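All remarks here apply to the structure that follows.
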Amino acid sequence: MADETAAPAREKAVSRGRLTSILVIVGLMVVEGVAVYFVANTLSPEPIPAAAAEGSGDGSTDTGAMAEVELAECRPSNKMAGRFVTYKIRVLGLVDAKEQDKVEAMARARRARLEEAVNVVIRSADPKQLDEPDLTTIERRIKYEFDRIFGDETLIHEIVIPELLQSRPGV
């Protein structure tokens, strides 16, 4: 008879021990989560405001002193997706207004190399890059090539592609 009354008491003690173990583990997990949150917030850098991130990095975000210069217009092709697609593209550069004449003269003198660079970028581009709504990857690659051709990374502030039309043969 003593065994019959001791069995429920033992089961209560075992279930109470499991409950305390579970509560201790859950409590430790909550404390760890809170600690990770606060440590991550204190060690992470402050976010850059969007207006400053769009600048060229030299602090000059004043577009009033900028001018657009036509740098290239060509018809490259791409067959990276397994189908032949021809593009018609116009490329403009956003430059300082005081350097507009200099850049236009340099662009005329280097017209063939600029158009070749655009052709190479478009021919080697992944179809996903050509389908981007803002063409960020293509603009970045073209800017890199133009900076290399001009020999000055600060001359062109931004590449603008106002026209990129695609056409397939037989369409």
For the structure I just gave you, tell me whether E158 is in contact (Cβ under 8 Å) with a residue 24 or more places away in the chain and among the acidic types (D, E). yes
May I ask you to list the residues in the stretch 53-91 that are within 25 Å of the chain's Cα centre (by Cα), part of a loop (DSSP other than H, G, I, E, B) and modelled with pLDDT of 90 or more? P76
Could you list, in sequence order, the residues of the stretch 137-157 that are closer than 22 Å to D126 by Cβ and not β-branched (V, I, T)? E139, R140, R141, K143, Y144, E145, F146, D147, R148
Just one listed residue, out of E11, E46, is at pLDDT below 85 and assigned to a helix (DSSP H, G or I), and it is E11
Please enumerate the residues belonging to the stretch 124-145 that are touching a residue at least 40 places away in the same chain (Cβ under 8 Å) and either in a loop (DSSP other than H, G, I, E, B) or over 21 Å from the mean Cα position of the chain (by Cα) (or both). S124, A125, D126
Members of the stretch 146-171 found to be assigned to a helix (DSSP H, G or I) and out of contact with any Leu (no Cβ under 8 Å at 6 or more places or on another chain), listed by number: R148, F150
Only one of (1) surrounded by fewer than 12 Cβ atoms within 10 Å (Cβ to Cβ); (2) closer than 14 Å to E68 by Cα; (3) of a type in the set (D, E) does not apply to E104, and that is (1)
Based on this model, can you work out whether L94 counts as in a strand (DSSP E or B), more than 24 Å from M66 (Cα to Cα) and at pLDDT below 95? no
Could you please find all residues in the stretch 74-96 being surrounded by fewer than 19 Cβ atoms within 10 Å (Cβ to Cβ) and either touching a residue at least 60 places away in the same chain (Cβ under 8 Å) or farther than 24 Å from K128 by Cβ (or both)? R83, F84, V85, T86, K88, R90, L94, D96
Restrict the check to the stretch 97-104 and report whether at least one residue is in contact (Cβ under 8 Å) with a residue 40 or more places away in the chain and touching a helix residue (DSSP H, G or I) at 6+ places or on another chain (Cβ under 9 Å). yes
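The values are calculated or read from the model by the stated rules, or taken from the named source; none is laboratory data. All figures in this text were calculated on a predicted structure; none of them were measured in a lab. Glycine also receives a Cβ, built like all others from the backbone with ideal geometry; neighbour counts cover every protein chain displayed.
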